[in-house]
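Right, I'll just put the structure down here and ask away after.
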Amino acid sequence: MTSKESNDKTTDRSLGNFAAVKTSIANGDTEEVKARLEGNALDKLEKDYLIDLARLSGNAEIVGIIEAVPVSD
């Protein structure tokens, strides 16, 4: 099985990508967060964690970006 599945939603499960998203959130880099999450779906737990992290950073735009990401089945 690969780190990307070909469905309607693509899920990137790599640890490196998740760490990069967290770093981008901490840095307030909205464009990088968009680029890393675009076309991907997150587990509910991952999504909730990233939303909490974005809220702690105080960036409402990033919170919105993450909230728009679909939850994987």
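The values are calculated or read from the model by the stated rules, or taken from the named source; none is laboratory data. Keep in mind that what you see is a predicted model, and the values were worked out from it rather than measured. We place every Cβ from the backbone using ideal geometry, glycine too, and count neighbours over all the protein chains shown. Surface accessibility is based on the protein's heavy atoms, side chains included, excluding ligands, DNA and RNA. Shrake-Rupley method; radii C 1.70, N 1.55, O 1.52, S 1.80 Å.
Pop out the carbon and sulfur fraction of the accessible area of the range 20-71 as a percent, whole number, probe 1.4 Å.
Within the range 20-71, the accessible surface is 51 percent carbon and sulfur.
Using θ = phi - 60° and the Karplus relation 6.51 cos²θ - 1.76 cosθ + 1.60, list the HN-Hα couplings for the range 59-67 in order, rounded to whole Hz, with x at every Gly or Pro.
Taking θ as phi minus 60°, the curve returns 10, 5, 5, 5, 4, x, 4, 5, 4 Hz for the range 59-67.
Could you work out how far apart the two model spin labels at Asp73 and Leu56 are, taking each label as a point 7 Å from the Cα in the direction of the beta carbon, and quote it in nm?
A separation of 3.3 nm, rounded to one decimal place.
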